[in-house]
């Protein structure tokens, strides 16, 4: 336990140093990183192992590669707009950008509902009040808190809180991977590694991967930080956020796959809590703290993004702070009519539609191999939007 606390403290203190807080590239990467990690770090591992068995790390790699492909299309659009390049299809591109912005604003609203419903589930997971209704009431209270914060001081206050949450989250995640690595090493020495079998058909596997797209989403927030950072910085920060997130995800899923038996019966969104209790009795508490920080910071990032986008695409019919109100209304409706896994697939489909439009725009302005790549990514995203399915528990 002392070693875990020391690891958390060291990582947190490094992230809170003046050098890290004032590093422009790192600051620009914080928002997309918060959204990516918050999107599915804790919930994704048990889902992948439960359905894909020993293939879980490879499926995680596929998800990361899909995210990188969609990210490359967005980075091409950032570069084109940043360099002020114009072409014959500029008017059509502008219309498509407006359409994609509307889609993204709706996707953000759904993703905030996903993050905060996970927040509610993890908040009550270690208590005697671990029920769906209690979790929904917790989610409702957090929605109201974010709304008050947003109305009071706007996104500046939200961004300040976000950095603290990201630092806590990364510190705990680092400690978790360290503890899980030590546990896996011990299992290997005792010849106690597990090799779970896959429990899913080929078509079901494909549609489930599409339905899990939300869990690697978040990098697109770099696309809309133009008021604070240059195009070059936004491109580099998106790459940094995606690489860091991919390394964390892969290490986590690889270690989880071979170290602990994931139940083959029904799983919940908080399954990781009981699994990590086998590694260390202190880990569940740390994980709940990480989950709360992760979902809160990701929700803040997407609430700010949705509010700003709604103001932009509505041509200021809504102000940014009124946008926060719309986000909360949509989220509260989803909270009380759908479960977490249903919200996951709805959000995945919404983001897939957005990536399809952005990849199409990138393909329209590209040549040669890039044109083929972006066109294929647009087709893949459209397929994900149409075919993505929910996790069967």
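Here is a yes/no grid of residues against (1) modelled with pLDDT of 80 or more; (2) in contact with a helix residue (DSSP H, G or I) (Cβ under 7 Å, 6 or more places away or on another chain); (3) surrounded by fewer than 17 Cβ atoms within 10 Å (Cβ to Cβ); (4) assigned to a helix (DSSP H, G or I):
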position: 301; (1), (2), (3), (4): no, yes, no, yes
position: 336; (1), (2), (3), (4): yes, yes, yes, yes
position: 374; (1), (2), (3), (4): yes, yes, no, yes
position: 389; (1), (2), (3), (4): yes, yes, no, no
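Let me confirm something: among 143, 129, which residue is surrounded by fewer than 21 Cβ atoms within 10 Å (Cβ to Cβ) and either more than 30 Å from residue 250 (Cβ to Cβ) or at pLDDT 85 or above (or both)?
The unique qualifying residue is 129.
Within the stretch 62-72, is even one residue within 24 Å of residue 118 (Cα to Cα), at pLDDT 85 or above, buried (at least 24 other Cβ atoms within 10 Å of the Cβ) and out of contact with any helix residue (DSSP H, G or I) (no Cβ under 6 Å at 6 or more places or on another chain)?
no
Would you call residue 305 in a helix (DSSP H, G or I) and closer than 25 Å to residue 170 by Cβ?
So residue 305 passes the test.
Does residue 374 qualify as being closer than 30 Å to residue 200 by Cα, over 20 Å from the mean Cα position of the chain (by Cα) and free of Cβ contacts under 8 Å to residues at least 40 places away in the same chain?
No: the conditions fail for residue 374.
Residues checked against (1) under 20 Å from the mean Cα position of the chain (by Cα); (2) part of a helix (DSSP H, G or I); (3) surrounded by 23 or more Cβ atoms within 10 Å (Cβ to Cβ); (4) modelled with pLDDT under 90:
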position: 97; (1), (2), (3), (4): no, yes, no, yes
position: 104; (1), (2), (3), (4): yes, yes, yes, yes
position: 110; (1), (2), (3), (4): yes, yes, yes, no
position: 117; (1), (2), (3), (4): yes, yes, yes, no
position: 122; (1), (2), (3), (4): yes, yes, yes, yes
position: 156; (1), (2), (3), (4): no, yes, no, yes
position: 164; (1), (2), (3), (4): yes, yes, no, yes
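Residue 311 - would you say it is over 15 Å from the mean Cα position of the chain (by Cα) and either in a helix (DSSP H, G or I) or in contact (Cβ under 8 Å) with a residue 60 or more places away in the chain (or both)?
Taking the combined requirement at face value, the residue satisfies it.
Criterion first (more than 18 Å from the chain's Cα centre (by Cα), free of Cβ contacts under 8 Å to residues at least 24 places away in the same chain and over 20 Å from residue 58 (Cβ atoms)) does residue 175 satisfy it?
No.
The values are calculated or read from the model by the stated rules, or taken from the named source; none is laboratory data. None of these values were measured; they are calculated from a predicted model. For neighbour counting, all protein chains shown are included, and Cβ atoms are generated from backbone atoms with ideal geometry for every residue, glycine included.
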